[in-house]
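Structure first, commentary second.
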Amino acid sequence: MMSRTALMVSALLLASAPAPALDVHVTADTVGQGYQLITSSGDVLRRSRLHQFLGLAVYDILGDGENQLFVVSQMRFDADFGISDTEATALPQLQNNHFSLMVLYLEARNLGDFLDLRVGRQLLIDTTDFTMFDGALLTFHTGAHVGVDVYSGLEVKNGGDLGVVSSTQLELDGDGAFAEDDDFGIVIGASVFTEGLRDHHARLAWRRVMTPKLESPLGGETNYVDMEKLAGSYHVRVLPELHLAGSAAWDFVSSVLSDARVEARVPGIADCVDIELAWWYFTPTFEGSSIFNIFQTAPLNDVDLRVRYRHGDDASVYLGSYVRLFRQGPDANDPVTDAIITDWGLRGGGKIQLGKTGRVGLDAYFQTGFGDVTTIEAWGGYGFLDDTLDLYTRLSTVLFDDDSRDLLEGTSFGGLVGISYRVRELAKFHLVNELNSNDIEKIQYRVYGFVDLSFWL
Amino acid sequence: MKTLLRSLLVVGAVLALHSLATAANENPWATPPQQRDYLPSSLLFPDQSIPLRFFHDKHLAQEVDCTQCHENATTSVSSADQLIPVGAPGEAVCTTCHDFAGGAEADPPSACATCHANYEPAWKAGRKADDFHAVESAPAAMVLPKNHIKMNHKAHADAGVPCSACHGDLSKVQVATRENSLPVMNTCMDCHDGRRAPDTCRTCHETEPSGRLITSFEGGKLMPAGHFRNDAHDDAWLEKHASTAGNDDQYCANCHTEKYCLDCHTGVVKPFKVHPNNWVLTHPTHARRFDPTCSGCHRTQSFCVDCHKRSGVARASDYSTQTGKDELAWNTGTLGKFHPAGWVGDLKNGSARGMNHHGFQAQRNIRACAACHTEQTCVECHKSQINGGGLGINPHPPSFGKSMKCRSLRDTNARMCATCHVPVPECD
């Protein structure tokens with residue numbers, strides 16, 4: 001792992017050797033968090049976390065103003081002073097003092113007027129899912145409103161010297177992290193997509209993540225497939241007042257339709273009303289080696305409606321509702337039970353812009369399912385001193401009632417007050433205080449501090 | 001209820017005052033926008049003030065060419081160029097036709113109030129006859145802040161693009177305003193389709209050296225409005241952005257860095273815009289309901305399981321052994337039992353499962369199971385008795401052995417099968 005990364009870093013550094021008129025961008029974000037939690041056994045857990053982000057990027061390496069060649073990197077260092085070494089050993093996810101290389105790639109654009117190339121550690125998002133891998137992505141622009149992506153590399157895992165801790169999308173879910181999941185993940189994929197079409201946006205993507213050749217319980221050696229999906233998405237602007245969108249993903253490992261969505265959006269009726277209607281079908285899938293795949297899982301079916309009224313650019317209100325259907329179906333031990341469970345919810349809210357820097361809003365939603373939950377959030381803020389000093393607040397109330405668990409019932413209150421100070425576009429300092437109250441902890445106080453720096457050299 | 005009504009009244013009053021204030025600023029000679037799907041952005045084209053009485057329609061009817069007044073319109077290469085006749089130099093353009101000395105009686109009428117409506121000049125004592133600016137107080141000035149669009153008028157003119165292609169039919173317009181005659185993105189994209197003209201965002205929008213769009217302006221943040229894609233950054237955006245990003249992540253990259261995505265999607269720092277206050281306590285009620293969006297940022301088998309082990313919510317014998325802490329407070333009775341009665345049915349006796357049976361809960365939301373349990377918990381009971389060493393309680397759906405799912409799981413990753421079945425059996 002280390003040698004691979006060292007090789008990649010060296011290659012990128014060589015590729016970014018001195019060149020004229022470089023645009024160097026530096027970002028440094030520091031996040032500090034301090035609070036305490038009460039565990040179910042009454043113990044106090046300390047949270048004293050520090051996250052340091054550092055981004056370095058060099059643009060326009062060729063110095064011709066076209067930015068055809070550039071290098072981007074993003075690093076993070078995490079420390080949790082509330083975790084003992086013993087705990088960190090017992091739960092690797094909690095390890096402190098960990099350096100993560102999140103992004104480091106060299107990108108060349110418009111090679112021969114038809115090709116983009118990105119090499120290094122990169123985040124890739126397409127219709128199949130997220131992935132982060134060390135490898136190469138080639139993008140071909142055919143000039144006929146069609147582009148093609150082809151990529152391959154090694155999946156970035158949680159563990160390892162330069163792995164990314166606390167990740168979700170960066171590694172497939174299913175197996176326990178770290179020690180149980182050390183095999184290399186080989187990522188290969190391709191997608192075909194539209195480009196340069198104002199009213200049509202489509203992508204057809206395929207991706208496979210697999211292990212190298214390993215011994216198989218079926219005999220011989222095989223590449224275990226951890227993930228393989230074919231997914232397509234399409235959006236069309238039929239009229240300025242009618243947009244249709246749809247997507248679907250087929251999971252080859254589990255042979256299920258893992259995700260499907262259809263949405264109709266009617267914006268700007270009488271210049272002020274939007275209507276959005278969506279259906280979402282979702283079946284959870286896991287890494288191919290996980291036994292969570294073999295259980296009987298019923299897909300989620302959501303139908304969601306939202307109506308929004310906009311009063312100019314400065315105010316809007318929305319109302320929405322959804323219905324969710326689950327099948328409670330038979331399994332091998334119980335071939336009898338078969339029922340449809342219906343959950344539903346309502347939501348509403350709005351916001352008003354007050355002058356150039358003030359804003360207030362309210363969001364509320366009610367959901368059924370395992371009991372009822374009502375959440376109400378009021379928020380607002382105002383910028384002073386030419387918007388360099390911003391004062392903001394948020395109040396939350398959650399009324400929750402879980403039918404089958406007595407302890408999950410009650411009312412929760414929370415208040416947050418934050419202040420930020422911006423020094424031109426160079427730096428921003430935040431201090432956020434959160435005060436919560438609930439049945440388990442009568443008073444819980446949290447403090448967050450952020451320092452964001454961003455400048456060009 | 002009284003508080004709610006009072007709040008609604010306050011909101012209504014604010015909206016009404018806003019409407020009145022907007023109406024008061026309107027120029028009666030500003031022609032209302034016609035047949036526009038939407039209006040130009042006030043961020044890209046900051047608020048203007050054009051306190052004039054002017055008639056584009058009359059000028060065009062007289063066959064006055066656009067460049068006669070907008071002299072640099074076909075040679076300008078930057079949007080920072082002032083193409084509208086303003087101030088004294090601008091009035092010099094007017095004098096090509098307007099005889100200021102002739103006043104209202106001239107043809108065409110040329111009094112101050114001809115254009116500066118309701119303006120009565122108070123001349124300074126001893127002014128010269130041709131010094132029209134020797135007044136005690138000048139009429140209200142035009143305010144035309146710099147816009148934030150890249151615009152090369154020359155390139156467009158050289159390509160033969162008529163003024164009306166971007167600014168509309170001004171023969172029906174009196175005072176041209178942002179609302180009635182500045183182009184919107186739809187106008188640009190009629191030609192900027194990627195073939196006739198470039199269609200990248202940076203073609204028209206101001207950018208940083210990185211090529212990403214500048215989005216912070218004095219009046220606020222520039223954000224998509226959803227005119228061309230499902231990209232309106234509105235109250236529903238948090239829930240639906242995945243579809244748009246999945247369709248075209250490079251479109252998002254026009255404004256956002258990878259860090260912007262990872263800030264939320266690595267689940268390290270609580271994003272205040274996502275979770276309400278007191279989230280740690282209330283999140284189980286959301287997670288239990290099956291919110292698939294949890295897994296967009298949190299990996300159940302690491303983020304959820306490990307924190308649940310540490311906080312005593314999940315089974316954690318390995319963690320307890322190594323740290324010397326009490327195991328599984330829920331089951332030791334400290335706070336009661338986590339799972340409800342009927343969670344594990346007596347399937348050996350053939351009794352039907354109750355609604356609280358964990359099988360149904362797993363069907364409905366297996367991610368909730370995976371947020372506290374590793375596979376080993378399931379295996380303890382569901383492992384095959386034959387050579388597997390488990391209790392042999394079959395977790396598969398009916399007719400699983402005959403299903404395509406069985407074959408594809410076995411063919412693609414048989415080590416999953418080998419977790420419970422040794423040797424791995426054939427699918428039927």
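For the reader, a short list of remarks on this structure follows.
- Partner shielding of A:308-319 amounts to 3, given as the average count of beta-carbon atoms from other chains within 10 Å of each residue beta-carbon.
- Sorted on the mean count of surrounding Cβ atoms within 10 Å across their residues, most packed first, peptides A:237-245, B:243-251 read B:243-251, A:237-245.
- In this structure the amide hydrogen of A:L214, modeled in the peptide plane, comes within under 5 Å of the amide hydrogens of A:T222, A:N223, A:Y224, none closer than 5 places in sequence on its chain.
- The protein assembly as shown, dipole about Cα centre (Lys/Arg Cβ +1, Asp/Glu Cβ -1), debye to the nearest 20: 1300 debye
- Selection from B:F100, B:A165, B:S76, by position along the positive dipole direction of the protein assembly as shown (Cβ): B:A165
- Rounded to the nearest 0.05, the FRET efficiency derived from the C-beta distance between B:I84 and B:R407 at R0 = 56 Å is 0.20.
- Taken residue by residue and averaged, Cβ atoms of other chains lying within 10 Å of the Cβ of A:127-137 number 2.
- Counts of other chain beta carbons within 10 angstrom of each beta carbon in peptide A:209-216 average 1.
- For chain A, the residue among A:G383, A:H200, A:S233 whose Cα projects farthest onto the positive side of the dipole built from Cβ charges is A:G383.
- Cross-link pairs exceeding 22 Å in C-alpha to C-alpha distance, out of A:K351/B:K150; A:K213/B:K309; B:K221/B:K259; A:K157/B:K405; A:K356/A:K428, comprise A:K351/B:K150; A:K213/B:K309; A:K157/B:K405.
- Relative contact order, whole percent, for chain A stands at 9, derived from Cα pairs under 8 Å and 6 or more residues apart.
- Computed across chain A, the Kirkwood hydrodynamic radius from all distinct Cα-Cα pairs reaches 26.0 Å.
- Zero-based 10 Å bins, Cα pair distances in the protein assembly as shown, whole percents: 2, 10, 19, 22, 20, 12, 7, 4, 2, 1, 0, 0
- The sum of -39500 (n - 2.57) across all DSSP H runs of n ≥ 4, divided by the residue count of the protein assembly as shown, sets its helix-only mean residue ellipticity at 222 nm to -5000 deg cm²/dmol.
- Förster-model FRET efficiency, 22 Å R0, A:D439 and A:D43, C-beta, rounded to 0.05: 0.80
- For segment A:405-457: relative contact order, % (alpha-carbon pairs under 8 angstrom, 6 or more apart): 33 percent
- Placing unit charges on each Cβ (+1 for Lys and Arg, -1 for Asp and Glu) gives chain A a dipole about its Cα centre, and among A:T357, A:S48, A:V266 the Cα reaching farthest toward its positive end belongs to A:T357.
- Each Lys and Arg Cβ is given +1 and each Asp and Glu Cβ -1; about its Cα centre, chain A then shows a dipole of about 1100 debye.
- Against the rule of thumb 2.2 N^0.38 Å, how large the Cα Rg of segment A:307-457 comes out: 1.44
- Mean-position separation - Cα centroids, segment B:204-277 and segment A:18-87, in angstrom: 19 Å
- Ratio of Rg to Rh over segment B:139-221 (Cα coordinates, Kirkwood Rh, two decimals): 1.00
Readers should treat all values here as calculations from the given coordinates under stated rules, not as data from a laboratory. If you're wondering where the values come from, they're calculated on a predicted model, not measured in any experiment. Every residue, glycine as well, gets a Cβ built from its backbone with ideal geometry; the counts of neighbours run over all protein chains shown.
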